[in-house]
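The values are calculated or read from the model by the stated rules, or taken from the named source; none is laboratory data. Just so it is clear, the model here is predicted, and its values are computed rather than measured. We place every Cβ from the backbone using ideal geometry, glycine too, and count neighbours over all the protein chains shown.
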Amino acid sequence: MSTHANTKMLSEADGYDLLRKFNVPAPVFEIVTSPEAAAKAAGKIGYPVVMKIVSPQIIHKSDAGGVIVNIKTDEEAKAAYNKIVTSVKAYNSAAEIKGIIVEEMAKPGLELIIGGKIDPAFGRVITFGLGGTLVEFFKDVGIRILPCSDDELRSLIKQIRGYTLIAGYRGEAPKDEEFLFQTLKNACAFFEKNDNVTEFDINPLRLYEKGGCAVDARVIIQDEPVELPPHYDASKIVPIDYYKPRSVAVIGASDDKTKMGYAVFHNLLQFPGKVYPVNNKREEIQGVKCYPNLSAIPGPVDMVVITVPAQLVPGIMEECGQKGVKMAVVITAGFKEMDEDGRALENRMVEIAKNYGIRIVGPNCLGLILPPYKLDTTYVSTSPLPGDLAFISQSGAIVNAVVGISLSEGSEMGYSEVVSVGNQSDLDFLDYMSYAQRDPHTKAIILYVEEIKNGVAFMEMAKEITKTKPIVAIKAGSSKRGQAAAASHTGSLSGAYEVYMEAFRKCGVTPVKTLPGAFKVAKILSDADRTPKGRRAVVITNAGGFAVLSNDYAETWGIDIVDLPKEIIDEMNTFLPPFWNKNNPIDLLGDADEERFRNVFEVLCRNPKLWDMAILVNFPNKVLSPVQVANVLIDYSKKTDNLLVGTLVGGDCMKSGVTLLTEHNIPVFEELEFTYRTLGHLSWTADR
Ligand code: ADP
Ligand code: MG
């Protein structure tokens with residue numbers, strides 16, 4: 001969105017006229033400027049009518065006493081005129097009263113909202129949900145990022161809680177869902193074809209058993225076309241050989257263990273290519289010959305790591321250009337994240353780099369680690385192990401934590417790429433994702449995101465990547481604190497977080513809430529041969545307590561523990577002890593042996609359409625060993641395409657089963673809440 005453009009709100013009447021052009025039905029109306037004219041217009045339209053204030057300063061007309069409905073006579077119309085003017089003046093004495101709109105009174109119906117806004121990163125976003133004057137109270141809306149398909153619009157309608165009211169609540173006749181779908185589609189077309197509309201809402205749209213009608217329209221336009229975020233541009237992506245330097249120099253390398261330049265150079269010592277310390281005060285650093293500046297280095301330098309103070313960086317970038325450096329990792333902070341001077345420094349650095357074709361990681365970052373190539377440009381205390389996960393983070397601290405966790409006892413986490421993106425002055429999320437996409441070591445990508453600037457390009461790229469490699473993302477900032485108040489309903493109803501979640505859904509990225517969740521989900525998505533097709537679960541356990549907890553956790557994380565049909569219960573009755581609970585979760589009781597579990601799985605695998613995932617929950621027990629439990633899952637995994645998962649709670653004595661399942665790529669957990677949390681995350685893309 002251009003920051004220079006002037007915006008203004010169209011009158012309700014102009015909004016109606018514009019919407020009608022896109023086949024969104026609106027009431028017949030007339031604008032009047034006297035009580036007598038109001039009565040005359042009302043007579044012409046036909047009683048009853050609704051009268052409302054027309055004023056550019058009054059955004060929420062009801063709040064200002066600017067709406068009177070159900071006006072039945074000329075006398076009432078005249079009185080309503082005066083009453084509205086008086087109330088509005090009392091509400092806001094500065095409000096310019098352009099007149100009163102007299103309109104046809106629409107019959108009662110289900111009040112819905114359709115709105116639109118421009119998200120700075122993701123472009124046009126459409127909102128739909130329960131509307132009317134209680135819209136902020138219901139907060140029952142869903143969103144779609146445009147352009148979107150018919151299927152996405154149809155699923156948007158079904159996604160809100162209030163869908164029950166559309167489908168026909170408690171014996172009421174269903175509302176016209178097809179009309180609603182068409183109107184949503186028309187509203188999208190209206191938004192996309194009017195390139196100066198920055199925001200709009202139709203609230204309410206009244207929906208009937210047949211048809212419907214907009215009875216309010218708020219449209220905000222600007223005096224120039226809206227600037228939308230750019231598309232993905234493959235030509236801007238860094239060639240892969242930039243990440244494969246033959247030699248690396250550290251500017252600001254140090255022998256002083258308290259300095260960043262010490263740790264960075266230390267971590268680089270394991271690099272099999274050439275490494276050069278640069279420091280004009282030393283002959284030698286950490287046992288390696290030191291150079292006073294870049295140009296003094298005899299051979300070529302492909303990559304530099306910069307740790308010296310910010311004000312020196314533009315000058316060094318110039319030297320890098322002279323030396324033919326391809327990539328600069330700028331760890332130094334004190335750029336645009338700090339103040340205006342810092343921003344100017346950053347711009348200068350980027351400008352110089354651009355002139356020479358140098359690409360920049362950072363600044364204000366931890367750096368880049370490519371463990372398979374033993375390249376670690378960061379000051380983390382120990383380099384992470386090589387493996388198949390790419391971890392791309394907007395927080396340097398989280399990178400430190402993740403590396404620490406990966407090196408802890410019992411962790412099997414290894415990385416193909418670890419990067420802290422910093423200020424993203426040049427290389428950004430897209431570049432690091434593109435590296436992971438092209439890198440043969442990477443099987444899955446984890447993102448820690450605070451803000452993505454080029455959301456449209458991100459979606460386009462992520463959609464491509466997720467065809468072959470899963471992307472899992474933690475998006476920070478879901479809390480409502482500090483979110484700016486917005487002028488329209490649409491603005492306040494769909495915050496940035498919701499837009500991210502919708503963007504992730506649209507491009508196949510799996511959102512998670514926690515770091516352990518991210519690792520688990522990434523591992524399952526890349527290793528398991530299947531994912532859940534939906535949210536319907538069957539739980540099979542020998543522990544009554546875990547059966548009860550399962551219901552609680554499942555509800556929290558959006559897993560449906562389905563009721564089993566009578567035929568299934570009847571069949572299970574033939575082999576289960578008479579006092580089993582005859583319900584899902586299926587509690588096989590503490591004395592359940594392997595045979596009992598197998599019999600249940602036998603029935604389930606013969607009826608795969610009834611469920612999407614089966615969760616076997618087990619605890620240490622003399623009747624049944626963890627290895628037996630694991631074997632049940634391994635055997636029946638071959639007899640169904642549905643997802644089978646194990647949860648073996650009990651610590652070390654369950655490890656044999658956990659290991660066996662892990663070896664067979666069957667998802668296994670050691671803690672029950674984590675099972676449901678992970679499954680909830682995994683089901684995200686399956687059901688929408
Ligand atoms: P606001 O600026 O407060 O959103 P609205 O134009 O939406 O004002 O009017 C408030 C409420 O009055 C609507 O939510 C709707 O229930 C009712 N209303 C408004 N216009 C009409 C109409 N033409 N026919 C029937 N009801 C209406
Ligand atoms: Mg309204």
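Kindly evaluate ILE221 against the criterion of being touching a Gly at 6+ places or on another chain (Cβ under 8 Å), modelled with pLDDT of 95 or more and away from ligand 1 (no atom under 16 Å from the Cβ).
Numbers: touching a Gly at 6+ places or on another chain (Cβ under 8 Å): no; modelled with pLDDT of 95 or more: yes; away from ligand 1 (no atom under 16 Å from the Cβ): yes.
It is false that ILE221 is touching a Gly at 6+ places or on another chain (Cβ under 8 Å), modelled with pLDDT of 95 or more and away from ligand 1 (no atom under 16 Å from the Cβ).
Of everything in the range 120-131 that's part of a strand (DSSP E or B) and not small (Gly, Ala, Ser), which residue is farthest from ligand 1 (Cβ to nearest atom)? I'd like the intermediate steps shown before the answer.
Taking the range 120-131 as the starting set, the residues that turn out to be part of a strand (DSSP E or B) are 123-130.
This time we only want the ones that are not small (Gly, Ala, Ser), so: 124-128, 130.
Details: ARG124: 22, VAL125: 20, ILE126: 19, THR127: 15, PHE128: 16, LEU130: 12 Å.
Residue satisfying both the conditions and the ranking: ARG124.
Looking at VAL301, is it under 15 Å from LEU375 (Cα atoms) and touching a Pro at 6+ places or on another chain (Cβ under 9 Å)?
Numbers: under 15 Å from LEU375 (Cα atoms): yes; touching a Pro at 6+ places or on another chain (Cβ under 9 Å): yes.
In short, yes.
Taking the residues in the range 227-248 that are among the hydrophobic types (A, V, I, L, M, F, W, C) and in contact with an Asp or Glu (Cβ under 9 Å, 6 or more places away or on another chain) as candidates, determine which candidate is nearest to ligand 2 (Cβ to nearest atom).
From the range 227-248, those among the hydrophobic types (A, V, I, L, M, F, W, C) are 228, 234, 237-238, 240, 248; that's our starting set.
Next cut, in contact with an Asp or Glu (Cβ under 9 Å, 6 or more places away or on another chain) only: 228, 237-238, 240, 248.
Numbers: LEU228: 27, ILE237: 46, VAL238: 49, ILE240: 54, VAL248: 61 Å.
Applying the filter and picking the extreme gives LEU228.
Looking at (1) crowded, with 17+ Cβ neighbours inside 10 Å; (2) within 12 Å of ligand 1 (Cβ to nearest atom); (3) on the phi < 0 side of the Ramachandran plot, which is the one condition that is false for LEU134?
Result: LEU134 fails condition (1) only.
Would you mind telling me which numbered condition in (1) in contact (Cβ under 8 Å) with a residue 40 or more places away in the chain; (2) assigned to a helix (DSSP H, G or I) ASP635 fails?
All conditions are met except number (1).
List pairs: first residue in the range 183-206 and within 16 Å of LYS21 (Cβ to Cβ) and of a type in the set (S, T, N, Q), second residue modelled with pLDDT of 95 or more and within 12 Å of ligand 2 (Cβ to nearest atom) anywhere in the structure, Cβ distance under 8 angstrom, at least six positions apart or on different chains.
Qualifying pairs under 8 Å: THR183/ILE114; THR183/LEU205.
Of LEU610, LEU589, which residue is touching a Lys or Arg at 6+ places or on another chain (Cβ under 9 Å) and under 22 Å from PRO667 (Cβ atoms)? Can you show your working first?
On the way: LEU589 fails: under 22 Å from PRO667 (Cβ atoms).
After applying the criteria, what remains is LEU610.
Residues checked against (1) out of contact with any His (no Cβ under 6 Å at 6 or more places or on another chain); (2) within 19 Å of LEU368 (Cβ to Cβ); (3) without any contact (Cβ under 8 Å) to a residue 24 or more places away in the chain:
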{"site": "SER408", "(1), (2), (3)": "yes, no, yes"}
{"site": "TYR415", "(1), (2), (3)": "yes, yes, no"}
{"site": "VAL419", "(1), (2), (3)": "yes, yes, no"}
{"site": "TYR435", "(1), (2), (3)": "yes, yes, no"}
{"site": "HIS441", "(1), (2), (3)": "yes, yes, no"}
{"site": "VAL449", "(1), (2), (3)": "yes, yes, no"}
{"site": "MET459", "(1), (2), (3)": "yes, no, no"}
{"site": "VAL472", "(1), (2), (3)": "yes, no, no"}
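What residue, among those in the range 205-226 that are closer than 18 Å to ASP195 by Cβ and either among the acidic types (Asp, Glu) or touching a strand residue (DSSP E or B) at 6+ places or on another chain (Cβ under 9 Å) (or both), is farthest from ligand 2 (Cβ to nearest atom)?
Step one: of the range 205-226, the residues closer than 18 Å to ASP195 by Cβ are 219-226.
Right, trim to either among the acidic types (Asp, Glu) or touching a strand residue (DSSP E or B) at 6+ places or on another chain (Cβ under 9 Å) (or both) and you get 219-224, 226.
Numbers: VAL219: 12, ILE220: 14, ILE221: 18, GLN222: 22, ASP223: 25, GLU224: 27, VAL226: 23 Å.
Result: GLU224.
Tell me yes or no: at least one residue of the range 193-211 is at positive phi and within 16 Å of ligand 1 (Cβ to nearest atom). I'd like the intermediate steps shown before the answer.
Of the range 193-211, the ones at positive phi are 211.
With the extra rule that they be within 16 Å of ligand 1 (Cβ to nearest atom), the set shrinks to 211.
Yes: the range 193-211 contains one or more residues that are at positive phi and within 16 Å of ligand 1 (Cβ to nearest atom).
Give me the pairs: first residue in the range 647-668 and within 17 Å of VAL521 (Cα to Cα), second residue of a type outside the set (A, V, I, L, M) and buried (at least 24 other Cβ atoms within 10 Å of the Cβ), beta-carbon distance under 6 Å, and six or more apart or on different chains, which are they?
Listed by first residue and then by second, the contacts come to THR647/THR675; LEU661/GLY646; VAL668/GLY646.
Quick check on this structure: which one of ALA38, ALA42 is over 24 Å from ASP201 (Cα atoms), within 14 Å of ligand 1 (Cβ to nearest atom) and buried (at least 21 other Cβ atoms within 10 Å of the Cβ)? Step through it out loud before you land on a result.
Details: ALA38 fails: within 14 Å of ligand 1 (Cβ to nearest atom).
Answer to the check: ALA42.
Looking at (1) within 16 Å of ligand 2 (Cβ to nearest atom); (2) in contact (Cβ under 8 Å) with a residue 60 or more places away in the chain, find the lone condition where LYS175 falls short.
The number of the failed condition is (1).
Every residue, every condition in (1) of a type in the set (A, V, I, L, M); (2) without any contact (Cβ under 8 Å) to a residue 40 or more places away in the chain; (3) on the phi > 0 side of the Ramachandran plot, yes or no:
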| residue | (1), (2), (3) |
| --- | --- |
| GLY287 | no, yes, yes |
| SER295 | no, yes, no |
| VAL301 | yes, no, no |
| VAL304 | yes, no, no |
| VAL308 | yes, no, no |
| GLY315 | no, yes, no |
| CYS320 | no, yes, no |
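Within the range 66-99, how many residues turn out to be within 12 Å of ligand 1 (Cβ to nearest atom) and either within 30 Å of PHE179 (Cβ to Cβ) or in contact with a Leu (Cβ under 6 Å, 6 or more places away or on another chain) (or both)?
Residues flagged as within 12 Å of ligand 1 (Cβ to nearest atom) and either within 30 Å of PHE179 (Cβ to Cβ) or in contact with a Leu (Cβ under 6 Å, 6 or more places away or on another chain) (or both) within the range 66-99 amount to 6.
Out of the residues in the range 54-69 meeting the condition of being over 13 Å from ARG218 (Cα atoms) and without any contact (Cβ under 8 Å) to a residue 60 or more places away in the chain, tell me which one is surrounded by the fewest Cβ atoms within 10 Å (Cβ to Cβ). I'd like the intermediate steps shown before the answer.
Keep residues of the range 54-69 that are over 13 Å from ARG218 (Cα atoms), which gives 62-69.
Adding the requirement that they be without any contact (Cβ under 8 Å) to a residue 60 or more places away in the chain leaves 63-69.
Numbers: ASP63: 12, ALA64: 21, GLY65: 18, GLY66: 25, VAL67: 19, ILE68: 20, VAL69: 15.
Selected residue: ASP63.
Check TYR16 against each of (1) crowded, with 19+ Cβ neighbours inside 10 Å; (2) in a loop (DSSP other than H, G, I, E, B) and name the one condition it does not meet.
Failing condition for TYR16: (2).
Consider LYS185 against the criteria (1) among the charged types (D, E, K, R); (2) modelled with pLDDT of 95 or more; (3) within 25 Å of the chain's Cα centre (by Cα); (4) within 16 Å of ligand 1 (Cβ to nearest atom): it satisfies all of them except one. Which criterion is unmet?
(4)
If the requirement is being among the hydroxyl-bearing types (Ser, Thr, Tyr) and surrounded by fewer than 21 Cβ atoms within 10 Å (Cβ to Cβ), which of these qualifies: THR510, THR541, THR556? Walk me through it before giving the result.
Values: THR510 fails: surrounded by fewer than 21 Cβ atoms within 10 Å (Cβ to Cβ); THR541 fails: surrounded by fewer than 21 Cβ atoms within 10 Å (Cβ to Cβ).
From the options THR510, THR541, THR556, the qualifying one is THR556.
If only one of VAL264, VAL219 is in contact (Cβ under 8 Å) with a residue 60 or more places away in the chain, outside any strand (DSSP E or B) and within 30 Å of ILE452 (Cβ to Cβ), which one is it?
Details: VAL219 fails: outside any strand (DSSP E or B).
Among VAL264, VAL219, only VAL264 is in contact (Cβ under 8 Å) with a residue 60 or more places away in the chain, outside any strand (DSSP E or B) and within 30 Å of ILE452 (Cβ to Cβ).
Please work out which one of (1) acidic (Asp, Glu); (2) farther than 30 Å from PHE29 by Cα; (3) in the same structural domain as VAL49 (by TED's automatic domain parsing) is the condition ASP150 fails and give its number.
Tallying (1) acidic (Asp, Glu); (2) farther than 30 Å from PHE29 by Cα; (3) in the same structural domain as VAL49 (by TED's automatic domain parsing), ASP150 fails exactly one: (3).
Pick out the one residue from VAL649, VAL668 that is over 13 Å from ALA537 (Cβ atoms), crowded, with 23+ Cβ neighbours inside 10 Å and outside the structural domain of THR514 (by TED's automatic domain parsing). Spell out how you get there, then give the answer.
Numbers: VAL649 fails: crowded, with 23+ Cβ neighbours inside 10 Å.
Of the residues listed, the single one that is over 13 Å from ALA537 (Cβ atoms), crowded, with 23+ Cβ neighbours inside 10 Å and outside the structural domain of THR514 (by TED's automatic domain parsing) is VAL668.
Within the range 26-34, does at least one residue satisfy the condition of being part of a helix (DSSP H, G or I) and away from ligand 1 (no atom under 12 Å from the Cβ)? Spell out the reasoning first.
Initially, the range 26-34 is screened for residues part of a helix (DSSP H, G or I), giving none.
Looking through the range 26-34, none of the residues is part of a helix (DSSP H, G or I) and away from ligand 1 (no atom under 12 Å from the Cβ).
For the range 153-182, enumerate the residues that are under 27 Å from the mean Cα position of the chain (by Cα) and either within 16 Å of ligand 1 (Cβ to nearest atom) or not in a helix (DSSP H, G or I) (or both).
ILE160, ARG161, GLY162
Of the residues that make up the range 440-449, is at least one out of contact with any Pro (no Cβ under 7 Å at 6 or more places or on another chain), part of a strand (DSSP E or B) and under 30 Å from LYS257 (Cα atoms)?
yes
Can you tell me which residues in the range 565-608 are closer than 24 Å to ALA630 by Cβ, polar (S, T, N, Q) and not in a loop (DSSP other than H, G, I, E, B)?
Once the filter is applied, which keeps residues that are closer than 24 Å to ALA630 by Cβ, polar (S, T, N, Q) and not in a loop (DSSP other than H, G, I, E, B), the range 565-608 yields only ASN599.
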